[in-house]
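Take a look at the structure below.
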Amino acid sequence: NQRRIFEATERYDEPGRFVAISGYEWTSWIYGHRHVLRFDGEVDVISSLAPETETPQALWRALEGQQALTFAHHSAGGPIAIDWSIPPDPRFEPVTEIASVHGSSESPDTPFPIYDAVAGNWVRDALARGYRLGFVGSGDSHDGHPGLVELASPTRGMAANLAEELTRGAVFEALAARRTYATNGPRILLRAALGGHRMGSSVPLAEGETLDETFFVQVVGTGPLDRVEIVRSGEVVFGVAAEGRVELALDHPLKGLRDGEYVYVRAV
């Protein structure tokens, strides 16, 4: 089956039109579930049941030399939470899932929160640990309908990828740079930038230095928007009512940003 899946991936990958990527799930009932994607060759499935690859650290060691990425799955709760005490390897895990059929792992105040949530295990808590993570959504519907996650659950999840072109290499580069965002399924358009820094950027600051900058956000919905919120280091610091508009753009000043802080946008 592994070989057949790889051959199908190669057959249907059409650069410029449709990107197909081989992948599988590394399913540990101790450390949590992770997607594994391979961009530069045939997938060699790594088992969480094998003693030599039963930990996330061992998984990342086994991926050495490959153009591969991993993604923590339903990390805040059911069916099993991710062990965030293990720092994600930034070479292989630049983004994390915040939405799927199991619900949202973003934060306690998220719409559609995940079931059996573990206190202190939200993605916002992982960011507070200093982990640098972009966001994606995933289906996890296991029903053979990729891209149609609404068939499985109203909570669902989908990843948006701001790639320069429709190729595997460009998709990999965008994911590695965290130029991604998550939705619960709707194919909304979202742009965000902190001054001249694109979505996903890390902004270097000298010790003791602070930054005053404008956060730009543009959202185009597939239907009426309710509100758009800016989250800074765990707190909603700004929100604006969209009043049913389908498109909304705003500039909001953020003052005194310090090293280790993070900023993201949430559209409802």
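Annotations for the structure displayed:
- Shown is the FRET efficiency for TYR12 and LEU148, computed with R0 = 25 Å from the Cβ-Cβ distance and rounded to the nearest 0.05: 0.90.
- Most to least accessible of HIS33, HIS197, HIS252 (protein chains only, probe 1.4 Å): HIS197, HIS252, HIS33
- The range 139-189 and the range 234-248 have Cα centres spaced 23 Å apart.
- Neighbour net charge for GLU243 - beta-carbon separation under 10 angstrom, K R +1, D E -1: +1
- What the phi angles of the range 23-35 give under the Karplus curve with 6.51, -1.76 and 1.60, with θ = phi - 60°, is a coupling list of x, 7, 10, 8, 10, 9, 8, 10, 9, x, 9, 9, 6 Hz, glycine and proline written as x.
- Based on alpha carbons, the Rg and Dmax found for the range 53-164 are 14.1, 39 Å.
- Within the accessible area of the range 121-252 (1.4 Å probe), percent carbon and sulfur: 51
- Environment charge at SER138 (Cβ cut-off 12 Å; Lys +1, Arg +1, Asp -1, Glu -1): -1
- Gain in span if fully extended, ARG187 to ALA249, counting 0.36 nm per residue against the direct Cα distance: 20.6 nm
- A simple charge model with +1 on the Cβ of Lys and Arg, -1 on the Cβ of Asp and Glu and nothing else charged puts the dipole of the range 1-121 at about 160 debye relative to its Cα centre.
- A 1.4 Å probe run over the range 10-109, with the rest of the protein chains in place, finds 42 Å² accessible per residue.
- Taking the Cα centre of the chain as origin and assigning +1 to Lys and Arg Cβ atoms and -1 to Asp and Glu Cβ atoms, the resulting dipole is close to 320 debye.
- Summed side-chain charge close to GLY157 - residues other than GLY157 whose Cβ falls under 12 Å, Lys, Arg +1, Asp, Glu -1: -3
- Here the chain is treated as an ellipsoid with the same Cα gyration tensor; its semi-axes, largest first and in whole Å, are 29, 21, 19.
- Calculated [θ] (222 nm, deg cm²/dmol) that DSSP helices of n ≥ 4 give over the chain, each run adding -39,500 (n - 2.57): -3500 deg cm²/dmol
The values are calculated or read from the model by the stated rules, or taken from the named source; none is laboratory data. Only a predicted model underlies this, so the values are computations on that prediction, with no experimental measurement involved. We place every Cβ from the backbone using ideal geometry, glycine too, and count neighbours over all the protein chains shown. Note: accessible area is taken over every heavy atom of the protein model, side chains too, but ligands, DNA and RNA are not part of it. Shrake-Rupley method; radii C 1.70, N 1.55, O 1.52, S 1.80 Å.
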